[in-house]
Amino acid sequence: MRIVLGVGGGIAAYKVASLLRLFTEAGHDVTVIPTEAATRFVGVATWEALSGHPVSNSVFDEVHTVNHVRLGHEAELIVVAPATADLLARAASGQANDLLTNTLLMAGGPVLMAPAMHTEMWQHAATQANVETLRSRGVTVLEPASGRLTGADSGPGRLPEPEAIFAAALALAGGAEVPDSPDTPVPGASSQSGAPLAGAAGPLSGLTVTISAGGTREPLDPVRYLGNRSSGKQGVALAAAARDAGARVRLLAAHMDVQAPAGVDVVRVETALELREAALHAAADSDVVIMAAAVADFRPADVSGTKIKKRDDGADPVISLVRNPDILRELVEIRDAAARNQLIVGFAAETGDADGDVLEYAQAKLRRKACDLLVVNQVGKDQVFGQDSNSVVILARSGSEPQEASGSKSDVAAAVIDRVSAELSRAVPPA
């Protein structure tokens with residue numbers, strides 16, 4: 001694929017070298033067009049060495065090839081990163097005062113812009129208006145990531161990681177609608193469109209995988225809720241791993257502390273009942289269902305329409321709880337009743353006690369749930385929830401030997417997806 005990679009003049013330009021490497025190592029032909037300001041952060045020699053092409057930002061270079069017209073016409077995809085406030089403004093107003101803005105005006109294929117700037121610049125009304133203008137014209141403008149910025153400040157404005165931009169760009173080139181913000185709620189919990197990455201040929205190619213992530217929240221009143229410590233990191237890592245394995249991925253996202261990966265469908269839920277509805281709907285055409293979300297076992301029997309206040313007489317409120325439905329078990333029952341060829345994976349966050357250890361409780365849970373695989377981890381203070389690493393044991397209903405996996409949550413996710421692929425392969429009789 002012929003790609004034009006535009007580089008804006010921001011400190012995040014150094015990250016774009018990694019993005020360029022991802023494109024070229026995937027076999028794509030990339031022409032880099034930095035702005036003049038971008039070359040103050042990363043020199044032309046770097047872009048030429050990594051792309052294998054001459055690099056210019058002037059409309060007066062290679063005039064005989066009509067470069068300012070040709071590049072936009074020939075590009076099958078244009079990616080701009082970092083898209084600075086200035087670059088967004090120039091693109092939105094249709095300026096053509098350098099080679100990159102000329103190329104954007106000539107673009108015949110999809111355009112993706114990945115903003116990066118200080119928080120106040122991103123949130124300024126002028127920048128937001130420019131973004132809306134670009135989006136209204138069909139340009140995909142990603143939301144910036146949140147985190148540490150230049151200096152001591154932190155907030156929305158970081159360039160998304162190169163891997164996330166890479167995935168979003170290939171999904172866009174493959175015809176998928178990439179969410180402007182992977183973390184934006186979808187009204188009515190309806191999914192956003194998505195598809196396998198262009199050219200992906202992994203073990204899950206052609207399959208639809210539904211994954212739940214994060215922690216549900218059960219409201220007590222308009223202010224308070226019952227929740228848990230789940231960050232959603234493991235579920236998000238699973239979604240990225242399944243996507244990279246070629247699957248079309250639906251992510252049922254409860255409360256998460258991290259953004260959903262690009263290139264997947266996102267369905268937003270809050271409560272266990274909302275997750276149940278979304279899961280039953282999504283599972284209907286899914287080849288694999290992985291329930292990694294931390295679902296509340298109980299919810300308040302009554303939800304107050306007003307904030308529960310401290311009483312003058314000092315009496316404490318009494319909160320009655322009712323059991324939430326067992327979504328995993330229900331998915332298995334529906335599958336079995338329909339004799340559907342579907343792999344279902346559950347997650348179990350367990351603690352041991354005087355009556356049994358983690359694996360004993362997990363084995364009992366596997367028997368009750370009757371899912372195909374159960375991924376078990378021991379939780380506790382500073383264990384699993386919110387952490388970047390994990391250690392799990394994968395149990396199988398077939399009774400095969402338990403499999404251990406540990407490392408980063410991406411490492412664990414890769415191990416789980418590999419196991420899913422292996423189970424699917426065993427389920428398909430040889431031709």
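The values are calculated or read from the model by the stated rules, or taken from the named source; none is laboratory data. As the structure is a prediction and not an experimental result, all values here were calculated from the model. All Cβ positions, even for glycine, are placed from backbone atoms using ideal geometry, and neighbour counts span all protein chains on display.
If the condition is being of a type in the set (S, T, Y) and either assigned to a helix (DSSP H, G or I) or surrounded by 24 or more Cβ atoms within 10 Å (Cβ to Cβ) (or both), then region 224-263 contributes only S230. Screening Q123 on (1) touching a residue at least 12 places away in the same chain (Cβ under 8 Å); (2) over 25 Å from G263 (Cα atoms) shows it passes everything except condition (2). Of the listed requirements (1) touching a helix residue (DSSP H, G or I) at 6+ places or on another chain (Cβ under 8 Å); (2) within 17 Å of A38 (Cβ to Cβ); (3) surrounded by fewer than 23 Cβ atoms within 10 Å (Cβ to Cβ), D98 misses just one: (1). Listed by first and then second residue, the pairs with beta-carbon distance under 6 Å, at least 6 apart or on different chains, first residue in region 336-365 and touching a residue at least 24 places away in the same chain (Cβ under 8 Å), second of a type in the set (K, R) and surrounded by 13 or more Cβ atoms within 10 Å (Cβ to Cβ), are Q342/R335; G346/K369; A348/K365.
Per-residue answers, yes or no, for (1) within 22 Å of the chain's Cα centre (by Cα); (2) at pLDDT 90 or above; (3) part of a strand (DSSP E or B):
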site	(1), (2), (3)
Q363	no, yes, no
L374	no, yes, yes
Q387	yes, no, no
E401	no, no, no
A415	yes, yes, no
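Among the residues of region 28-52, those that are over 22 Å from A107 (Cβ atoms) and either surrounded by fewer than 17 Cβ atoms within 10 Å (Cβ to Cβ) or aromatic (F, W, Y) (or both) comprise R40, F41, G43, V44, A45, E48, A49, G52.
Scanning region 321-341 for residues that are in contact with a strand residue (DSSP E or B) (Cβ under 7 Å, 6 or more places away or on another chain) and not basic (K, R) returns L321, V322, N324, I327, L328, L331, V332. Among the residues of region 123-176, those that are closer than 23 Å to A107 by Cα and either among the acidic types (D, E) or exposed (fewer than 15 other Cβ atoms within 10 Å of the Cβ) (or both) comprise Q128, A129, E132, R135, S136, R137, G138, E143, G175. Filtering region 64-95 to residues that are farther than 20 Å from A38 by Cβ and without any contact (Cβ under 8 Å) to a residue 40 or more places away in the chain leaves H64, T65, V66, V69, R70, H73, G94.
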